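Note sheet for the following structure.
The values are calculated or read from the model by the stated rules, or taken from the named source; none is laboratory data. As the structure is a prediction and not an experimental result, all values here were calculated from the model. Here the Cβ is made from the backbone with ideal geometry for all residues, glycine too, and neighbour counts use every protein chain on show.
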Amino acid sequence: MGTADHLVSRGVSASAHVPIRDEIAIQFTHGLGDCAWFALQLPLYVRRGYRFRLACSADKHIVFAGSGVELTADASGTLFVPWHEGLQPTAEADWNNAWRWNKGARNFSVSPMPDIGTPKDLWDEYRAERVNLLPHLPVASCRAAGDWLHALARPVVLVHTHGNTGPERKNLDAVQCRRLYFRLLEETDGTIVLLDWDNRVPRLAHWRVRHLADDWKNIDTSTLFALMAQSDLLIGVDSGPLHAARLVDMPAIGVWTRGGSPLTWSLPRPRQLNVVIARDRPVWAARARIAYHIVEINDGESGIDQLATLAGSMLAGPHFLKAPHAGADAQLQWFVRQRLRGGASPLGGYVDRHRSFDLLLSQLAERFVQPQVVETGCIRAEDDFAGAGFSTYVLGAYLHARGGHLVSVDVDPNHCAFARQWTCCFGDTVEVCTADSVAWLASSRERIDLLYLDSLDANDPHAGEHGLAEIEAAYPRLHGRSLVACDDTVYQANAFHGKGALVVPWLIERGWRVIYSGHQTVLSM
């Protein structure tokens with residue numbers, strides 16, 4: 001068997017040009033969560049030609065089944081692999097430096113493991129690693145889990161609220177647990193399964209609430225993976241089940257409280273949403289929000305209600321994006337349906353951008369594969385969702401997952417600098433141009449699928465005329481399926497008012513129709 005064939009047979013691809021080194025005998029005796037992160041590390045070593053004989057408890061063999069190593073229960077002659085703690089993120093934490101704090105990343109190249117590079121060098125490869133345990137699950141475990149689940153109402157939500165280590169930081173208290181049960185019962189017609197091996201969680205007397213030990217049995221790790229693979233969602237604190245969910249690609253919500261940080265104790269993945277419960281937003285949360293699909297909620301009773309709402313979004317499946325992006329989609333739904341909600345507007349109406357943005361993003365998904373969006377007037381204040389709409393950021397988050405592109409044009413250099421800082425997490429998806437919007441639109445030759453007009457403030461006496469000049473300049477770039485959205489544009493007394501006061505009738509005269517009008521007015525051919 002050749003080098004590449006040898007590694008493929010162990011579940012890890014490799015180049016035939018990588019020399020195979022002598023086998024290293026190691027032992028790893030840490031908990032399930034740490035085993036999951038080490039299982040994701042090992043393929044990086046194997047791809048570089050290293051071979052391992054890994055000793056661990058027989059119950060943990062399944063965790064490493066897809067990592068490309070030889071497994072044994074015999075620890076004689078092996079080297080113990082330590083597992084050092086990660087770091088609490090500081091104000092320097094950003095979307096592109098999570099490797100500095102991450103527990104798994106910081107354990108790369110630590111003796112007795114060979115030196116294969118720094119956490120920074122290996123971070124992108126590590127976070128993209130996919131170890132799939134599904135082909136390795138024992139048939140008996142899959143059958144046992146399936147038989148037990150068969151009698152339960154769907155969807156099945158696994159809830160793990162108490163970890164073994166660091167309970168003062170990780171665990172939900174009894175009041176939070178019971179509130180979560182109540183709200184999940186209201187949010188879904190399915191079954192809540194309480195993952196509890198040590199009789200620590202509150203129970204609830206209800207047909208649709210099952211306790212793992214009370215209603216079934218204490219299960220081994222293989223059966224846990226089989227249960228996870230056949231359930232619909234995991235809600236888990238920073239503990240083994242949450243981290244192991246990645247190995248069967250299970251949709252999950254990580255719950256982080258009392259200073260818990262997904263940057264430190266988790267890896268970003270498409271099907272995981274991370275909910276940070278805190279009285280005050282941690283300094284790192286906004287910068288790492290997109291990479292880790294973070295939603296920040298308060299630590300009161302309403303925060304648990306919001307957690308249940310997010311669970312409903314995950315269970316319902318992606319609304320704006322495609323299936324692999326469950327975490328990003330649930331986060332985007334939160335931005336649109338919760339954070340964009342306003343109140344009374346200075347134009348005498350109601351700020352309902354949550355409805356117009358829901359329509360816009362849904363229409364973009366229906367009409368275009370990779371939407372090309374142009375926005376005039378960029379974001380200028382931190383997290384101003386309910387006020388100005390934070391449109392550059394919300395559109396950027398959507399297009400980043402869709403593979404589209406946004407150009408945001410603003411004449412103010414300070415506004416542009418702010419927008420660039422807040423959208424750099426989207427990479428090339430968002431381009432911020434410092435220019436006069438009318439001149440830029442007149443010189444552009446690219447097609448426009450959505451034109452989002454938000455330049456001058458609505459109370460500027462020239463806002464209407466400026467909007468008209470923008471639509472006249474952009475019109476040659478629009479096409480039969482294009483959309484035009486005018487922010488701060490309301491209808492009253494048989495007329496439109498605000499930024500789009502002249503834009504809307506101009507387009508209607510040319511055959512366009514209003515498909516929504518609230519605080520924003522959206523038009524289509």
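Output the residues belonging to the stretch 471-482 that are out of contact with any helix residue (DSSP H, G or I) (no Cβ under 7 Å at 6 or more places or on another chain), of a type outside the set (A, V, I, L, M, F, W, C) and in a loop (DSSP other than H, G, I, E, B).
Scanning the stretch 471-482 gives His479, Gly480, Ser482.
From the list Ala291, Ala311, exactly one residue is part of a helix (DSSP H, G or I) and buried (at least 24 other Cβ atoms within 10 Å of the Cβ). Which is it?
Ala311
Where residues in the stretch 336-378 are of a type in the set (A, V, I, L, M), part of a loop (DSSP other than H, G, I, E, B) and under 22 Å from the mean Cα position of the chain (by Cα), which of them is surrounded by the most Cβ atoms within 10 Å (Cβ to Cβ)?
Leu340
The conditions are (1) part of a loop (DSSP other than H, G, I, E, B); (2) closer than 30 Å to Glu186 by Cα, and Ser67 fails exactly one of them. Which is it?
Going through (1) part of a loop (DSSP other than H, G, I, E, B); (2) closer than 30 Å to Glu186 by Cα one by one, Ser67 breaks only (2).
Mind listing just one residue for me: the one in the stretch 205-227 that is within 24 Å of Glu187 (Cβ to Cβ) and out of contact with any helix residue (DSSP H, G or I) (no Cβ under 7 Å at 6 or more places or on another chain) and, of those, surrounded by the fewest Cβ atoms within 10 Å (Cβ to Cβ)?
Taking the candidates together, the pick is Ala205.
With the condition kept exactly as written, say whether any residue in the stretch 271-278 is surrounded by fewer than 24 Cβ atoms within 10 Å (Cβ to Cβ) and within 15 Å of the chain's Cα centre (by Cα).
Within the stretch 271-278, one or more residues are surrounded by fewer than 24 Cβ atoms within 10 Å (Cβ to Cβ) and within 15 Å of the chain's Cα centre (by Cα).
State whether one or more residues within the stretch 124-137 are within 21 Å of Trp284 (Cα to Cα), of a type in the set (A, V, I, L, M) and part of a loop (DSSP other than H, G, I, E, B).
The answer is no, given that none of the residues of the stretch 124-137 is within 21 Å of Trp284 (Cα to Cα), of a type in the set (A, V, I, L, M) and part of a loop (DSSP other than H, G, I, E, B).
Select from the stretch 483-525 the residues that are charged (D, E, K, R) and part of a loop (DSSP other than H, G, I, E, B) and write down the one among them that is nearest to the chain's Cα centre (by Cα).
The residue in question is Asp487.
Do you know which residues across the stretch 65-95 are in contact with a strand residue (DSSP E or B) (Cβ under 6 Å, 6 or more places away or on another chain) and surrounded by 15 or more Cβ atoms within 10 Å (Cβ to Cβ)?
Those that are in contact with a strand residue (DSSP E or B) (Cβ under 6 Å, 6 or more places away or on another chain) and surrounded by 15 or more Cβ atoms within 10 Å (Cβ to Cβ): Val69, Leu71, Thr72, Ala75, Thr78, Val81.
Checking Leu451 against (1) buried (at least 21 other Cβ atoms within 10 Å of the Cβ); (2) in a loop (DSSP other than H, G, I, E, B), only one condition comes out false. Which one?
(2)
Which condition does Tyr398 not pass, out of (1) touching a residue at least 60 places away in the same chain (Cβ under 8 Å); (2) crowded, with 24+ Cβ neighbours inside 10 Å; (3) out of contact with any Phe, Trp or Tyr (no Cβ under 7 Å at 6 or more places or on another chain), if it passes all the others?
(3)
Scanning the stretch 464-481 for residues that are in contact with a strand residue (DSSP E or B) (Cβ under 7 Å, 6 or more places away or on another chain) and small (Gly, Ala, Ser), which turns out surrounded by the fewest Cβ atoms within 10 Å (Cβ to Cβ)?
Within the stretch 464-481, the match that is surrounded by the fewest Cβ atoms within 10 Å (Cβ to Cβ) is Ala474.
Filter the stretch 218-260 down to residues that are in a loop (DSSP other than H, G, I, E, B) and either under 20 Å from Ala39 (Cβ atoms) or modelled with pLDDT of 95 or more (or both), then give me how many there are.
10
From the set of residues in the stretch 72-96 that are touching a residue at least 24 places away in the same chain (Cβ under 8 Å) and not in a loop (DSSP other than H, G, I, E, B), which is farthest from Asp34 (Cα to Cα)?
Here the residue is Leu79.
On the given criteria, is Leu307 under 24 Å from Pro155 (Cβ atoms), outside the structural domain of Val432 (by TED's automatic domain parsing) and touching a Gly at 6+ places or on another chain (Cβ under 8 Å)?
No: the conditions fail for Leu307.
How many of the residues making up the stretch 401-443 are surrounded by fewer than 21 Cβ atoms within 10 Å (Cβ to Cβ) and in contact with a Lys or Arg (Cβ under 6 Å, 6 or more places away or on another chain)?
Matching residues across the stretch 401-443 total 2.
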